[in-house]
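The values are calculated or read from the model by the stated rules, or taken from the named source; none is laboratory data. Note that this is a predicted model, so its numbers are computed, not measured. Positions of Cβ are generated from backbone atoms using ideal geometry, with glycine treated the same way; all protein chains shown enter the neighbour counts.
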Amino acid sequence: MNAKSKRPYLIRALFEWVVDSGLTPHILVAAGDPAVIVPQQYVSDGKIVLNISAAAVRDLDIGDEFVRFNGRFAGTSFAVEVPVGQVLAIYAKETGEGMMFDPEETAADVEVDSGEKQDAQKNRSAPHLKVIK
């Protein structure tokens, strides 16, 4: 039996908590996946921050698979679609309080042969710390 992802439930719960606290919910999205539909001119270092407050978006749907809404970017309407696995964080803009998520594997990550991944992990040296006085 495959367990359902907790991520969409946590996103919905934190969204509600941020809004109920009178704050502005933002999400940080990994925009490199081809399934992420966002205005690319606002992507920086492969990520984009999106204001998902009721004042900023219309028709917000935080579903089990996607976060979808209509937003305006520089006055132009844009239909945004983000797989929940590409949501890296949800937080209150004013306080920074919220939750970060581990990045999920994308189709590009899965293409690498698991044997190659194991070899790469074996070849890495163990991390070490050195005390400098």
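Brief remarks follow.
- Candidates Phe69, Phe78 - the one that is closer than 16 Å to Pro8 by Cβ and not in a loop (DSSP other than H, G, I, E, B): Phe69
- The listed residue being more than 19 Å from Ala92 (Cβ to Cβ) and exposed (fewer than 11 other Cβ atoms within 10 Å of the Cβ), out of Ser5, Ser77: Ser77
- All positions within region 78-107 that are at pLDDT 95 or above and polar (S, T, N, Q): Gln86, Thr95
- Checking each residue in region 65-86 for being out of contact with any Lys or Arg (no Cβ under 7 Å at 6 or more places or on another chain) and either charged (D, E, K, R) or within 21 Å of Asp20 (Cα to Cα) (or both) picks out Glu65, Val67, Arg68, Arg72.
- The residues of region 37-73 include none that are among the β-branched types (Val, Ile, Thr) and without any contact (Cβ under 8 Å) to a residue 12 or more places away in the chain.
- Tabulated pairs, region 74-97, first among the basic types (Lys, Arg), second assigned to a strand (DSSP E or B), C-beta under 8 angstrom, 6+ apart or interchain: Lys93/Pro25; Lys93/His26; Lys93/Asn51
- Just one of the listed residues (Glu104, Glu94) is touching a helix residue (DSSP H, G or I) at 6+ places or on another chain (Cβ under 7 Å), of a type outside the set (A, V, I, L, M) and not in a strand (DSSP E or B), namely Glu104.
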